[in-house]
Amino acid sequence: MATIKDIAKKAGVSIATVSRVLNYDSTLSVSDETKKRIFEVAEELDYKKKTAARKQESGKIALVHWYSEKEELDDLYYMSIRLGVENRCQEQGIQVVRCFQDNYEDLKQEELQGLIAIGKFSDQQVTELQSVCQNIVFVDSSPDEEQFDSVVIDFERATEKVLQYFLDKGHEQIGYIGGREVFKDQTSMIEDPRERAFKHYLAEKELLNESYMYTGIFSVDAGYSLMKKAIQECGDKLPTAFFAGNDSLAIGALRALLEAGIAVPERVNIIGVNDVSVSKYVFPALSTVKVYTELMGETAVDTLLERIEGRNTAKKIFIATKLMIRNSSF
């Protein structure tokens, strides 16, 4: 594991700045560009990949993001996938054209062999992407598994891992800090599989208490405000464990608990999802479900190359997850 000193040296900033950025210190005043550089360096140093000989440049693909660059700073999950894509393309000698959100018309001017679309896209957006190029791999969503290749995570299974861990440790009052998303063209709300699995799994065990469920957006600030609300509403009946829909939410929730003087993990356990690099540097170090985001990005590139070379049958690839227990839970 890279140290904060390693990150500071490569990013060209002070150790104190790195520590405060990685802990999402709201009182720190630094530019988004500095934050972006620190987060990218942290992810790159955490990227355990053997260096491969780079091939001579051949071909060009587009990397389409559903997040803006600023939104990426609040949810490093997508940044980590992007780095996996970019590193694999660099190894393969593939030129990458980056496109944020809906600037698809600009892509029609490029001579593209394929697209990798990271995030969640409405039916209308999928049709627009098809007008740019027919070879498309979706990462983190699967709009039509009969037609398009996709690389995804089974978030329902990941949720069940966390809940079963809590149950095995004797927790019966379990809370949820989650996020909800909307397609960028505002056509509809996106159902979250973590929230669905949380309700179903605990309901089956007759342990579901929906008053312990709090949802907002997937960001550190939302995790902070949602946990503050839970603390105020629940008082002494605050659940002994919380599952957070991603690490950003969990980090914000940790801050709220510590500010309130609530001991973690002695009074409240918390487990997130994704295991982005930042999770190791917050206090206490975050327990989380490791999502192999770099592998998702690499697999997307390999899958797209198969399409370009002539494969016609669609593939949906699930990447496994692993529960990582650190200091925010027993």
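The values are calculated or read from the model by the stated rules, or taken from the named source; none is laboratory data. None of these values were measured; they are calculated from a predicted model. Reconstructed Cβ throughout: ideal geometry from the backbone, glycine too, with neighbour counts over all protein chains shown. Calculation scope for accessible area: heavy atoms of the full protein, side chains included, ligands and nucleic acids excluded. Shrake-Rupley method; radii C 1.70, N 1.55, O 1.52, S 1.80 Å.
Can you list residue pairs whose Cβ atoms sit under 8 Å apart, with the first residue in the stretch 217-239 being under 26 Å from D74 (Cα atoms) and of a type in the set (D, E) and the second being modelled with pLDDT under 95 and open to solvent by 80 Å² or more (accessible area, probe 1.4 Å)? Count only pairs 6 or more apart in sequence or on different chains.
If the second residue must be modelled with pLDDT under 95 and open to solvent by 80 Å² or more (accessible area, probe 1.4 Å), the pairs left are D221/S26.
Kindly evaluate D46 against the criterion of being at pLDDT below 85 and in contact with a strand residue (DSSP E or B) (Cβ under 9 Å, 6 or more places away or on another chain).
no
Return yes or no: is Y201 touching a residue at least 24 places away in the same chain (Cβ under 8 Å), closer than 15 Å to V289 by Cβ and not small (G, A, S)?
Considered against the rule, which asks whether it is touching a residue at least 24 places away in the same chain (Cβ under 8 Å), closer than 15 Å to V289 by Cβ and not small (G, A, S), Y201 comes out as yes.
Would you check if V182 is loosely packed, with under 14 Cβ neighbours inside 10 Å, within 29 Å of N103 (Cα to Cα), within 22 Å of the chain's Cα centre (by Cα) and among the hydrophobic types (A, V, I, L, M, F, W, C)?
Spelling it out, V182 is indeed loosely packed, with under 14 Cβ neighbours inside 10 Å, within 29 Å of N103 (Cα to Cα), within 22 Å of the chain's Cα centre (by Cα) and among the hydrophobic types (A, V, I, L, M, F, W, C).
Which of the residues that make up the stretch 307-321 are in contact (Cβ under 8 Å) with a residue 40 or more places away in the chain and out of contact with any Asp or Glu (no Cβ under 7 Å at 6 or more places or on another chain)?
I308, I317, I319, T321
With the condition being closer than 21 Å to L163 by Cβ and open to solvent by 20 Å² or more (accessible area, probe 1.4 Å), I'd like the strands (runs of 3 or more DSSP E) fully within the stretch 210-290 carrying at least 1 qualifying residues.
213-216
Anything in the stretch 131-141 that is open to solvent by 10 Å² or more (accessible area, probe 1.4 Å) and touching a Phe, Trp or Tyr at 6+ places or on another chain (Cβ under 9 Å)? List them, or say none.
Of everything in the stretch 131-141, those that are open to solvent by 10 Å² or more (accessible area, probe 1.4 Å) and touching a Phe, Trp or Tyr at 6+ places or on another chain (Cβ under 9 Å) turn out to be S131, V132, D140, S141.
Please work out if I174 is among the aliphatic types (A, V, I, L, M) and farther than 26 Å from G119 by Cα.
yes
Within the stretch 147-171, which residues are touching a strand residue (DSSP E or B) at 6+ places or on another chain (Cβ under 9 Å), of a type in the set (D, E, K, R) and surrounded by fewer than 22 Cβ atoms within 10 Å (Cβ to Cβ)?
Of everything in the stretch 147-171, those that are touching a strand residue (DSSP E or B) at 6+ places or on another chain (Cβ under 9 Å), of a type in the set (D, E, K, R) and surrounded by fewer than 22 Cβ atoms within 10 Å (Cβ to Cβ) turn out to be D154, R157, K161, K169.
Is it the case that the stretch 178-188 has a residue that's farther than 18 Å from I153 by Cα and of a type in the set (A, V, I, L, M, F, W, C)?
Yes, there is a match, as at least one residue in the stretch 178-188 is farther than 18 Å from I153 by Cα and of a type in the set (A, V, I, L, M, F, W, C).
Counting only residues that are in a strand (DSSP E or B) and surrounded by 16 or more Cβ atoms within 10 Å (Cβ to Cβ), how many does the stretch 301-318 have?
1
Looking at the stretch 194-209 only, could you name the residues that are farther than 17 Å from A250 by Cα and part of a helix (DSSP H, G or I)?
Matches in the stretch 194-209: R196, A197, K199, H200, Y201, L202, A203, E204.
Residue under question is E206, and the condition is that it be of a type in the set (D, E, K, R) and more than 30 Å from V301 (Cβ to Cβ); does it hold?
yes
Could you check how many residues of the stretch 110-120 are in contact with a Phe, Trp or Tyr (Cβ under 9 Å, 6 or more places away or on another chain) and either without any contact (Cβ under 8 Å) to a residue 40 or more places away in the chain or open to solvent by 10 Å² or more (accessible area, probe 1.4 Å) (or both)?
1
Checking I190 against (1) among the aliphatic types (A, V, I, L, M); (2) touching a strand residue (DSSP E or B) at 6+ places or on another chain (Cβ under 6 Å); (3) crowded, with 17+ Cβ neighbours inside 10 Å, which test does it fail?
Answer for I190: the failing condition is (3).
Against the conditions (1) among the acidic types (D, E); (2) surrounded by fewer than 20 Cβ atoms within 10 Å (Cβ to Cβ); (3) closer than 18 Å to V85 by Cβ, where does D144 fall short? Just the number, please.
Answer for D144: the failing condition is (3).
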